[in-house]
Amino acid sequence: MSDGVRKIVAGLVTVGLALVVLVGIIIGDSSEQDRVQALGSSIKCPVCQGEAIADSPSETSTAMMAVVAEKVDEGLSDDQIFEYFRVRYGDGILLDPRFEAKTLLLWLLPLAAVGLGVVMILRRRQAPVPAGPAESEDPA
């Protein structure tokens, strides 16, 4: 087998295996425990700063994870569970804030920062380079 054919076959096998994994992830059944873990990763621990209740060792987050599991067992949707915690702890309890008018600045600020950075980089590249000191001619 020539080297070119071998590379093509290796590429096709790699793409095929990647597709099998992707289909397995999409179609695969997720358990209730997976859902509880995913929901817990989106809810902020009120005790720990900026940490999800799924990752926090605090007693409060452990109790909140138990409530999440309880609500999943009751058949509540993800939005209903998030709303349950928002009512009790306020809008700041979610690690990913909803896209609303009052959170618009949170969503647009990173885009503005990236845009400003690109503008600064482009201006710096276009700025003329200052000339070095003029060479003096030596009368030798």
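The values are calculated or read from the model by the stated rules, or taken from the named source; none is laboratory data. Here the structure is a predicted model, which means the values were calculated and not measured. We place every Cβ from the backbone using ideal geometry, glycine too, and count neighbours over all the protein chains shown.
For (1) outside any loop (DSSP other than H, G, I, E, B); (2) of a type in the set (A, V, I, L, M, F, W, C); (3) modelled with pLDDT of 85 or more, each residue gets a yes or a no:
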| site | (1), (2), (3) |
| --- | --- |
| 61 | yes, no, yes |
| 81 | yes, yes, yes |
| 106 | yes, yes, no |
| 125 | yes, no, no |
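State which residue pairs qualify: first residue of a type in the set (Ser, Thr, Tyr) and inside the range 95-120, second residue not in a helix (DSSP H, G or I) in any location, beta carbons under 6 Å apart, and separation of 6 or more residues or different chains. Once the first residue is of a type in the set (Ser, Thr, Tyr) and sits in the range 95-120, its partners that are not in a helix (DSSP H, G or I) give 103/97. Entry remark, the range 67-85: residues being of a type outside the set (Val, Ile, Thr), over 21 Å from residue 97 (Cβ atoms) and surrounded by 12 or more Cβ atoms within 10 Å (Cβ to Cβ) number 2 in total.
Scanning the range 35-52 for residues that are within 16 Å of residue 83 (Cα to Cα) and without any contact (Cβ under 8 Å) to a residue 24 or more places away in the chain turns up 38, 45.
Among the residues making up the range 1-58, those that are assigned to a loop (DSSP other than H, G, I, E, B), charged (D, E, K, R) and surrounded by 10 or more Cβ atoms within 10 Å (Cβ to Cβ) are 51, 55. Of all positions in the range 87-94, at least one carries a residue that is modelled with pLDDT under 90, touching a helix residue (DSSP H, G or I) at 6+ places or on another chain (Cβ under 9 Å), surrounded by 10 or more Cβ atoms within 10 Å (Cβ to Cβ) and not in a helix (DSSP H, G or I).
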